[in-house]
1. Output the number of residues of region 117-149 satisfying the condition of being small (Gly, Ala, Ser) and touching an Asp or Glu at 6+ places or on another chain (Cβ under 9 Å).
2. What's the total number of residues in region 124-143 that are surrounded by 13 or more Cβ atoms within 10 Å (Cβ to Cβ), of a type outside the set (Lys, Arg) and either over 19 Å from Val245 (Cβ atoms) or touching a Pro at 6+ places or on another chain (Cβ under 8 Å) (or both)?
3. Filter region 184-210 down to the residues that are under 18 Å from the mean Cα position of the chain (by Cα), at pLDDT 75 or above and buried (at least 18 other Cβ atoms within 10 Å of the Cβ) and list them by number.
4. Which of the residues that make up region 32-59 are among the β-branched types (Val, Ile, Thr) and closer than 11 Å to Leu85 by Cβ?
5. How many residues does region 158-168 contain that are out of contact with any Leu (no Cβ under 8 Å at 6 or more places or on another chain) and surrounded by 20 or more Cβ atoms within 10 Å (Cβ to Cβ)?
6. State which residue is farthest from Gln77 (Cα to Cα) when the search covers only region 21-40 and only residues that are outside any loop (DSSP other than H, G, I, E, B) and more than 23 Å from the chain's Cα centre (by Cα).
7. Take the residues in region 60-84 that are touching a residue at least 40 places away in the same chain (Cβ under 8 Å), of a type outside the set (Gly, Ala, Ser) and touching a helix residue (DSSP H, G or I) at 6+ places or on another chain (Cβ under 6 Å), then tell me which one is surrounded by the most Cβ atoms within 10 Å (Cβ to Cβ).
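The values are calculated or read from the model by the stated rules, or taken from the named source; none is laboratory data. It should be emphasised that the depicted structure is a prediction, and the values quoted were computed from it without experimental measurement. Please note: Cβ atoms are built from the backbone with ideal geometry, for glycine as well, and neighbour counts cover all protein chains shown.
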Amino acid sequence: MINNPLPAGPAPDAAAIAERLRNLARCRSNPDLEEIASVLGVSSIRVDPTLDRLGHTTWTTAGPEIALQANQKATRQRFTLAHELAHIYLGHGRDGAHPHGQPYRDARPEERLADAIAGHLLVPSAEIRRLRDLTPNIADIREAAVRLGVSQAVVVRQLADADSTHHWLLINLKRTDRGGWHFWRVTGRIRGLSDKMRVADTEHPLLDKVPERDVPLQILTQIGDLTVQLQGTGNRRTNLTLMLVDHVRPQREPRRPLASER
């Protein structure tokens, strides 16, 4: 069994740790997580319909046991398993010093680190370079996500972390009970803007007409004190619309009248 507790010192390099985990699998471009688990000494991986969190690792004398929440999408379950393998590789929770697996995701450093390692493990740097050079549309993101067995959000998050020269923003809009659309999930970032996008509803009528095939989209939203027009490509699946942003246009604010004009 491999156990690599974090030493004291500088913050760990998530990409380097993911590379060590990838080296435990025979296929490095799309690693078999169960193969990695076996090398790490994991004694069992099971789906638990009663689990109140996405995943949890229990350390036993026979080795770590991983439980995964039932009714997750396959892509979500794969990411959760990679997240738990990162905890095991780093020894989190083995001696009680680094407890993890709370019912809801929190902001503790070890949880953020496990997420970062999982992202690097599932989306290798070669894939990120390929996509970055393409300046991809949503079809390219979807193809990569399907091939790697991850969600489109995971691919975009890795792109956003690796490349600060482009906009990398994926927006999930969900239909509300009132008939409008809600900014349900926002992944990534907009180049040059550090303010968070406000979670808001929109009554934009064009969203009601979005087809299942990929089409150009544009919507208005608020980021900090700035109103921006987001342009990109997207598609609709029943009550969920997905949009990959590739252009951001700040909207001009109305000119304030001069004192002499008031």
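1. 5
2. The qualifying residues number 3.
3. Of everything in region 184-210, those that are under 18 Å from the mean Cα position of the chain (by Cα), at pLDDT 75 or above and buried (at least 18 other Cβ atoms within 10 Å of the Cβ) turn out to be Val186, Thr187, Gly188, Arg189, Ile190.
4. Ile36, Val39, Val42, Ile45, Thr57
5. Residues that pass the stated criteria total 2.
6. Val39
7. Among those that are touching a residue at least 40 places away in the same chain (Cβ under 8 Å), of a type outside the set (Gly, Ala, Ser) and touching a helix residue (DSSP H, G or I) at 6+ places or on another chain (Cβ under 6 Å), it is Phe79.
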